[in-house]
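Have a look at this one before I ask anything.
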Amino acid sequence: MSATGNLTAEIEVLFSAEERNTELREEVRVGLTSTPKELQPKWFYDERGSELFETITRLPVYYLTRAERSILERHAGEIAAMTDATTLIELGSGTSDKTRILLDALAPRRFVPFDVSEVTLRASAQRLAREYPDLEVLAVVGDFEHHLPLLPTNGRRLLAFLGSTIGNLPPRRRALFLTDVAATLEDGDAFLLGVDLVKTPARLVAAYDDPAGVTREFNLNVLRVLNRELGGDFDVSAFEHVARWNAEAEWMEMFVRSLREQTVRLNALELEVAFDAGERMLTEISAKFHLRRLAIELETAGLAVQRWWTDDAGDFAVLLASATQGSAKPRKSGTSCSTRPAWADMS
Ligand code: SAH
Ligand code: AVI
């Protein structure tokens, strides 16, 4: 692919539909037969789920996206000067809406949006390729908990993980993810992380239980995903949306709660699942952070925070980090190792 004049994005699939389906089956079986029951939030994001998330980002009560956008608008120039990256990689990119601020400031040669949700990724990558004709857009369908070692290595890279999506990982998986990020970074690469900060429970609960009911729809949509993809017969109207602040863990929790005693069948899993009246199934945690504690967490994983910025209200933060001295890998000089796909080192 030539580096300029591209109006179409290249798409690489690391997480195929078959692998996704296998993982969905395994995770849903484990989650629905556990006590308490739970589902992984990555299954929210079918086409409808991604659209609902986009609507959430525009809700007055969902301050996260606006706060992060304001930080990027104010500091993208500084971020660009500090990183001087020629490749911007975005994990959990979704529609890459705020990322345009970084693309404008950095003017990188290549953009790599990376997401588990193939439909949304394809559409947003094509849109970006048309909007930025000089940008090489290489979209990667992958899981950021599994596929970081396969990211393209060529050029100085800025690895962005925005939106506080890191908060959707429980602490142990978050630590593993950050260790993976540190192991991925080479000399001169940087990691840009957006995180939501601890604040009053009232504001947090309002952000996850909006009066228009969009978050409710987003949450319940996961049951529709299971109905469609696993031959389920969830009666979505027999469940309600619950959002609550867990003060001890300092995270928001979303559940779907069964309104009555009922049994749900998932044909593809040959599984029948009984719900008690009032029983809750966890569908998402969304951890909220304290900056200094988070900096220590990053340090433990092998990442040194260079700078952080917050919005005027102190609601949200964006941190810039690099691999700690001695842990950054030396930069490869365009060679590819045998376990990496050829495109990963492409110039
Ligand atoms: N970064 C965007 C979108 C956040 S929504 C923003 O700041 O607004 C979370 C995104 O992460 C969704 O697009 C979802 O499909 C993606 N995602 C969730 N789990 C993932 C995983 N394990 N691997 C890759 N992408 C994932
Ligand atoms: C993507 N993620 C960071 C969002 C969050 O705030 O945890 C998903 C979301 N859940 C409910 N509203 C938005």
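Filtering segment 263-297 down to residues that are among the charged types (D, E, K, R) and free of Cβ contacts under 8 Å to residues at least 40 places away in the same chain, which residue is surrounded by the most Cβ atoms within 10 Å (Cβ to Cβ)?
Checking each candidate, the answer is Arg265.
Could you tell me which residue of segment 1-30 is surrounded by the most Cβ atoms within 10 Å (Cβ to Cβ), considering only residues that are under 20 Å from Ala274 (Cβ atoms) and in contact (Cβ under 8 Å) with a residue 40 or more places away in the chain?
Within segment 1-30, the subset under 20 Å from Ala274 (Cβ atoms) is 25, 27-30.
Next, from what is left, pick out any that are in contact (Cβ under 8 Å) with a residue 40 or more places away in the chain: 25, 28-29.
Numbers: Arg25: 16, Val28: 24, Arg29: 17.
Among those residues, the one meeting the criterion is Val28.
While we're on this one: Would it be correct to say that Ala85 is crowded, with 22+ Cβ neighbours inside 10 Å and in contact (Cβ under 8 Å) with a residue 40 or more places away in the chain?
yes
Return yes or no: is Val214 surrounded by fewer than 22 Cβ atoms within 10 Å (Cβ to Cβ), touching a residue at least 12 places away in the same chain (Cβ under 8 Å) and under 27 Å from Leu24 (Cβ atoms)?
Spelling it out, Val214 is indeed surrounded by fewer than 22 Cβ atoms within 10 Å (Cβ to Cβ), touching a residue at least 12 places away in the same chain (Cβ under 8 Å) and under 27 Å from Leu24 (Cβ atoms).
Restricting the first residue to segment 142-158 and requiring it to be near ligand 1 (Cβ under 8 Å from one of its atoms), which pairs with a second residue that is open to solvent by 10 Å² or more (accessible area, probe 1.4 Å) and among the β-branched types (Val, Ile, Thr) meet a Cβ separation below 6 Å and a spacing of at least six or different chains?
Pairs that qualify, where the first residue is near ligand 1 (Cβ under 8 Å from one of its atoms) and the partner is open to solvent by 10 Å² or more (accessible area, probe 1.4 Å) and among the β-branched types (Val, Ile, Thr), are Asp143/Val116.
Also, quick follow-up: With the condition being more than 25 Å from Ile296 (Cβ to Cβ) and touching a strand residue (DSSP E or B) at 6+ places or on another chain (Cβ under 6 Å), I'd like the strands (runs of 3 or more DSSP E) fully within segment 84-184 carrying at least 2 qualifying residues.
The qualifying strands (runs of 3 or more DSSP E) are 87-91, 110-115, 136-141.
Of the residues that make up segment 72-93, is at least one at pLDDT below 95 and more than 16 Å from ligand 2 (Cβ to nearest atom)?
Scanning segment 72-93, I find at least one residue that is at pLDDT below 95 and more than 16 Å from ligand 2 (Cβ to nearest atom), so the answer is yes.
Next question. Looking at (1) over 30 Å from Gly278 (Cβ atoms); (2) in contact with a Gly (Cβ under 6 Å, 6 or more places away or on another chain); (3) of a type outside the set (Val, Ile, Thr); (4) open to solvent by 30 Å² or more (accessible area, probe 1.4 Å), find the lone condition where Glu38 falls short.
(1)
Cβ-Cβ distance below 7 Å, separation of 6 or more or different chains: which pairs start in segment 305-320 with a residue that is more than 17 Å from Leu204 (Cα to Cα) and end on one that is in a strand (DSSP E or B) and among the hydroxyl-bearing types (Ser, Thr, Tyr)?
Partner pairs satisfying both residue conditions: Gln306/Ser322.
OK, next. When you look at Leu185, is it open to solvent by less than 40 Å² (accessible area, probe 1.4 Å), of a type outside the set (Gly, Ala, Ser) and within 16 Å of ligand 1 (Cβ to nearest atom), yes or no?
no
For segment 41-79, enumerate the residues that are farther than 20 Å from Phe255 by Cα, open to solvent by 20 Å² or more (accessible area, probe 1.4 Å), more than 15 Å from ligand 1 (Cβ to nearest atom) and touching a helix residue (DSSP H, G or I) at 6+ places or on another chain (Cβ under 8 Å).
The one that is farther than 20 Å from Phe255 by Cα, open to solvent by 20 Å² or more (accessible area, probe 1.4 Å), more than 15 Å from ligand 1 (Cβ to nearest atom) and touching a helix residue (DSSP H, G or I) at 6+ places or on another chain (Cβ under 8 Å): Gly77.
Counting only residues that are within 13 Å of ligand 2 (Cβ to nearest atom) and under 13 Å from Arg224 (Cα atoms), how many does segment 40-51 have?
So the count comes out to 4.
Considering only residues that are more than 23 Å from Ser258 (Cα to Cα), in contact (Cβ under 8 Å) with a residue 60 or more places away in the chain and open to solvent by 20 Å² or more (accessible area, probe 1.4 Å), which ones fall in segment 188-211?
Answer for segment 188-211, where residues must be more than 23 Å from Ser258 (Cα to Cα), in contact (Cβ under 8 Å) with a residue 60 or more places away in the chain and open to solvent by 20 Å² or more (accessible area, probe 1.4 Å): Gly188, Val198, Lys199, Arg203.
The values are calculated or read from the model by the stated rules, or taken from the named source; none is laboratory data. Model, not experiment: these values are computed from the prediction. Please note: Cβ atoms are built from the backbone with ideal geometry, for glycine as well, and neighbour counts cover all protein chains shown. To get the accessible areas, we keep the full protein, side chains included, count just its heavy atoms, and leave off ligands, DNA and RNA. Shrake-Rupley method; radii C 1.70, N 1.55, O 1.52, S 1.80 Å.
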